[in-house]
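First up is the structure itself, then whatever we jot down about it.
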Amino acid sequence: MPQTKEQKAAYAKEYIEKNKEKIYAKNKEYREKNKEYIKAYRKQNREKERQQQADYKRQKKYGISPEEYNYMIKKQHNKCKICLVDFLYDKHSTKPFIDHCHTTNKVRGLLCLHCNTGLGYFKDQISTLTKTITYLEENT
């Protein structure tokens with residue numbers, strides 16, 4: 001029987017892989033039997049489920065735990081790392097977006113939508129951004 005955390009995780013992964021169809025069938029049966037309960041639970045816990053989904057996606061895509069994400073927000077004083085706008089969580093354009101290197105997938109920080117999109121348009125090319133700064137300085 002597995003003892004360490006790593007051994008338990010490996011055992012669980014192996015078990016799930018071997019029993020995928022059985023687990024899927026059991027889960028499907030449960031969902032069908034408990035449709036109303038599940039619907040009511042989701043309605044009552046909509047925000048909690050939304051947060052859990054966001055945490056799961058961040059963990060899966062960037063390898064960031066909820067604690068690490070909250071630490072990043074705190075470290076940046078709840079502001080975009082570039083323009084320093086306060087993050088507002090009820091507005092899409094000012095909620096935090098995870099900025100990362102598309103080559104290494106290394107997380108660099110949290111940005112607002114506009115700054116994150118801007119870096120994306122410039123394809124993270126420092127030379128292009130430098131030329132853009134020069135252009136703006138010469139034409140302002």
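The values are calculated or read from the model by the stated rules, or taken from the named source; none is laboratory data. Since this is a predicted model, take the numbers as computed values, not measurements. Here the Cβ positions follow ideal geometry from the backbone for every residue, glycine too, while neighbour counts run over all protein chains shown.
Here segment 43-56 is the region considered, the condition is being surrounded by 12 or more Cβ atoms within 10 Å (Cβ to Cβ) and either assigned to a helix (DSSP H, G or I) or in contact (Cβ under 8 Å) with a residue 24 or more places away in the chain (or both), and the residue that is farthest from the chain's Cα centre (by Cα) is 49. All of 24, 71 fail the test of being at pLDDT 95 or above, under 30 Å from residue 13 (Cα atoms), within 15 Å of the chain's Cα centre (by Cα) and among the aromatic types (Phe, Trp, Tyr), apart from 71.
In this structure, does residue 32 turn out to be under 15 Å from the mean Cα position of the chain (by Cα) and either of a type outside the set (Val, Ile, Thr) or modelled with pLDDT under 95 (or both)? When the stated conditions are applied, residue 32 does not pass them. Would segment 117-136 turn up any residue that is under 25 Å from residue 50 (Cα atoms) and not in a loop (DSSP other than H, G, I, E, B)? Among the residues of segment 117-136, at least one is under 25 Å from residue 50 (Cα atoms) and not in a loop (DSSP other than H, G, I, E, B), which makes the answer yes. If you go through segment 74-89 and keep only what is closer than 23 Å to residue 104 by Cβ and either within 14 Å of the chain's Cα centre (by Cα) or part of a helix (DSSP H, G or I) (or both), you end up with just 75.
Tell me which residues, restricted to segment 64-114, are in contact (Cβ under 8 Å) with a residue 40 or more places away in the chain and surrounded by fewer than 13 Cβ atoms within 10 Å (Cβ to Cβ). Show your work before the answer.
As a first pass, look at segment 64-114 and keep what is in contact (Cβ under 8 Å) with a residue 40 or more places away in the chain: 64, 98, 105, 107.
Residue satisfying the conditions is 105 alone.
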